[in-house]
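Note sheet for the following structure.
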Protein chains: 2
Amino acid sequence: MSDLPQRITIHEEGPREGFQIEPGPIATPDKVRFCEALADTGLTEVQCVSFVDPRRVPGMADAVEVAHAIRQKPGVHYTAIALNLKGYERAVQTPLHITGGLQMSASNTFSIHNTNKDNAETLAEQRRQLAFFRERGIPVDSAIIMTAFGCNFEGAIAPETVRDCVASLLALADEFGITLERVRLADTVGWASPLQVQRVVGTVRERWPDLPLSLHLHDTRGTGLANALTALQMGITDFDSSCAGLGGCPFAGHKGAAGNICTEDLVFMAHEMGIETGIDLDALIECARMIEAIVGHPLPGKIMHGGSLTKYRQPALAGAAA
Amino acid sequence: MSDLPQRITIHEEGPREGFQIEPGPIATPDKVRFCEALADTGLTEVQCVSFVDPRRVPGMADAVEVAHAIRQKPGVHYTAIALNLKGYERAVQTPLHITGGLQMSASNTFSIHNTNKDNAETLAEQRRQLAFFRERGIPVDSAIIMTAFGCNFEGAIAPETVRDCVASLLALADEFGITLERVRLADTVGWASPLQVQRVVGTVRERWPDLPLSLHLHDTRGTGLANALTALQMGITDFDSSCAGLGGCPFAGHKGAAGNICTEDLVFMAHEMGIETGIDLDALIECARMIEAIVGHPLPGKIMHGGSLTKYRQPALAGAAA
């Protein structure tokens, strides 16, 4: 396991994922204290809300209110996502850390089903969006390739297709004089296996050895942390994940399907392998239990139910604890 | 991933785990049809019941009845466990495939708490049990080392301690002229990480390079399949697992804690990596859904909820399915 990184960075997406998909309603103050508690664990990036049409996503009706209510801690980025210019207009009026991103789906068919635009139209729209970001002074930091490991419409996705998507977005960024901080490879519909992670990451890295890659993994079919392990073994240092495994997979065709990999399970695995995260695992587990109590039903995270090993490693307490 | 095996063997423990821990009751015919359905998937070993005191484990009160009712399919071993000679006496009177095993805990304290015997007493009892197996013509095929990756009482377990336990059991087997088919390393209380799997397997294998090792992994803290991946990367070809993730972890101190790794999730990962299992994944997923319907509450398996990729890989069906 010699390519393991010394330290990884985790982009927490639990609040946004959860507020969006939970049948709710979740009270605004509960949303705020969850975001604040996450920031207290050592996480440096917490994605709080999305600025989307509340008629389509009722759980985001109070997004602006949540954004204003959070007491921000120095050194933490409280982020949000927007899907279009209208959303960005609302987002930039809040105190949240708003950045622009490029996106594309490795599956053209998925793109059409998901956004009503094929890949050519998506690129054209990205160009308009980049002009908007420039005009409004919104920094652009990353690009994301969706369905990078497989697609429910197109089936298997060739690693070369992912590489071509990355090339398109890098060219677009270049056109606007932007250097991307990272390119995110997303397992949007939960197709990834350790072997596929190895192939896709390997193919992209072969072409751009110094391009920082980030993985956005789902646990739809149970291999989420095994896929993350493979990424760690390849030296990937940047992951998106979700506290308590909040979220779901609207594309899985089954309401019980799992969504993002669980942050505290990932942190546990990293720490056990000597990889630093800067995160207090026990505090993070408390966040997971807090949001489980708030939503009122069991969430998919594992260590939040199994408990951390901390107490068992303190011999004086072990007798009482076990 | 060059040390990956071409094929692995899975020992299905779901029925025994589930019937034992589910609050139930589960009707006897439901137990029988679950065992039979599992055997129809290509699994070659299905652990059906345990012969234990029904006052302690009410779900096993009908163990003998289940054992007799199963219509056995040629080529499949329908197995059971017993914890003492009295249990074995009942077991051998059924049509199940009964084998003897050796066992020991890498944590002496765990052993005392779990069985009321320390390691020396455990070894003495094993000797009596081996004499019984010989007398009754019960074949002895394996040894299991419990808490091989950590213990809630003793904390971290040194790989050398596991190695010494293996040495003790191999010496005992040798004393009785027995060649063990495999030595099982069990993550009884869910402490294993990929790094710890690498260390423990590596330490044991360094001493006995040709000894077949098997892993019994739990998913208490979410790293179950990542641990299995590490084992696969080290060429391990033998795993215990549980359909739908049936079972639990009575030692985790939290009733929602996960138990064994989920068979169909493991099979999915293996197949996606080109590793054969001889198992029909879709049929196995149907078994998981069957037992979930029988127990009447959500079980922890992932792909049983996310669905397999089979239908998406058949282009003619993909449009309708997605």
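Points to keep in mind about this one:
- Shape call, the protein assembly as shown: gyration tensor on alpha carbons, a/c limit 1.5: prolate
- Accessible area of the protein assembly as shown belonging to carbon and sulfur atoms, whole % at 1.4 Å probe: 50 percent
- Accessible area per residue in Å² at 1.4 Å probe, computed on the range B:9-321: 38 Å²
- Cα Rg over Rh - the range B:9-321, Kirkwood: 0.96
- Rounded to the nearest 10 square angstrom, B:Lys86 shows an accessible area of 150 square angstrom against a 1.4 Å probe.
- Taking amide H as placed 1.01 Å from N in the peptide plane, the amide H of A:Leu102 sits under 5 Å from that of A:Ser142, A:Ala143, A:Ile144, each at least 5 places away or on another chain.
- Interface residues of the range B:286-306, defined as those losing at least 30 Å² of solvent-accessible heavy-atom surface relative to the isolated chain (probe radius 1.4 Å), are listed as B:Lys302, B:His305, B:Gly306.
- Modelled FRET efficiency - R0 41 Å, B:Glu175 with B:Ala27, Cβ distances, 0.05 increments: 0.40
- Kyte-Doolittle at least 1.0, axis length at least 15 Å by Cα - qualifying DSSP helices, chain B: B:281-295
- Across peptide B:149-157, the mean count of Cβ atoms from other chains lying within 10 Å of each residue's own Cβ comes to 4.
- Highest-first arrangement of B:55-66, B:258-269, where packing means the average Cβ count within 10 Å: B:258-269, B:55-66
- Excluding ligands, DNA and RNA and using a 1.4 Å probe, chains B and A jointly bury around 3700 Å² of accessible surface, summed across both partners.
- Solvent-accessible area lost in complex, 40 Å² minimum, residues of the range A:1-45 relative to chain alone, 1.4 Å: A:Met1
- The residue in chain A that lies nearest, by its beta carbon, to the axis linking chain A with chain B is given here with the distance in whole angstrom as A:Ala226, 2.
- Cut-off under 5 Å, modelled amide H: who pairs with A:Gly248 long-range: A:Gly259, A:Asn260
- Neighbouring partner chain Cβ atoms per residue of B:262-270, average, 10 Å criterion: 3
- Under 18 Å from the Cα of A:Lys73 - aspartates and glutamates, other chains or at least 8 residues apart: A:Glu12, A:Glu13, A:Asp30, A:Glu36, A:Asp40, A:Glu45, A:Glu65, A:Asp280
- Antiparallel bridges, percent of DSSP beta bridges restricted to the range A:9-321 (to nearest 5): 5 percent
- From its DSSP helices (H runs of at least four residues, each -39,500 (n - 2.57)), chain B gives a residue-normalised ellipticity at 222 nm of -12500 deg cm²/dmol.
- Above-threshold pairs, the threshold being 26 Å between Cα atoms, out of B:Lys117/B:Lys302; A:Lys86/B:Lys302; B:Lys86/B:Lys117; B:Lys31/B:Lys302; A:Lys311/B:Lys302: B:Lys117/B:Lys302; A:Lys86/B:Lys302; A:Lys311/B:Lys302
- For A:His11, solvent-accessible area (1.4 Å; no DNA, RNA or ligand), Å²: 10 Å²
- Peptide B:214-225 has a mean of 6 when you count, residue by residue, the C-beta atoms of other protein chains within 10 Å of its C-beta.
The values are calculated or read from the model by the stated rules, or taken from the named source; none is laboratory data. Quantities reported herein were computed from a predicted structural model and do not represent experimental measurements. Neighbour counts run over all protein chains shown; Cβ positions are idealised from the backbone, glycine included. Heavy atoms of the whole protein, side chains included, go into the accessibility calculation; ligands, DNA and RNA do not. Shrake-Rupley method; radii C 1.70, N 1.55, O 1.52, S 1.80 Å.
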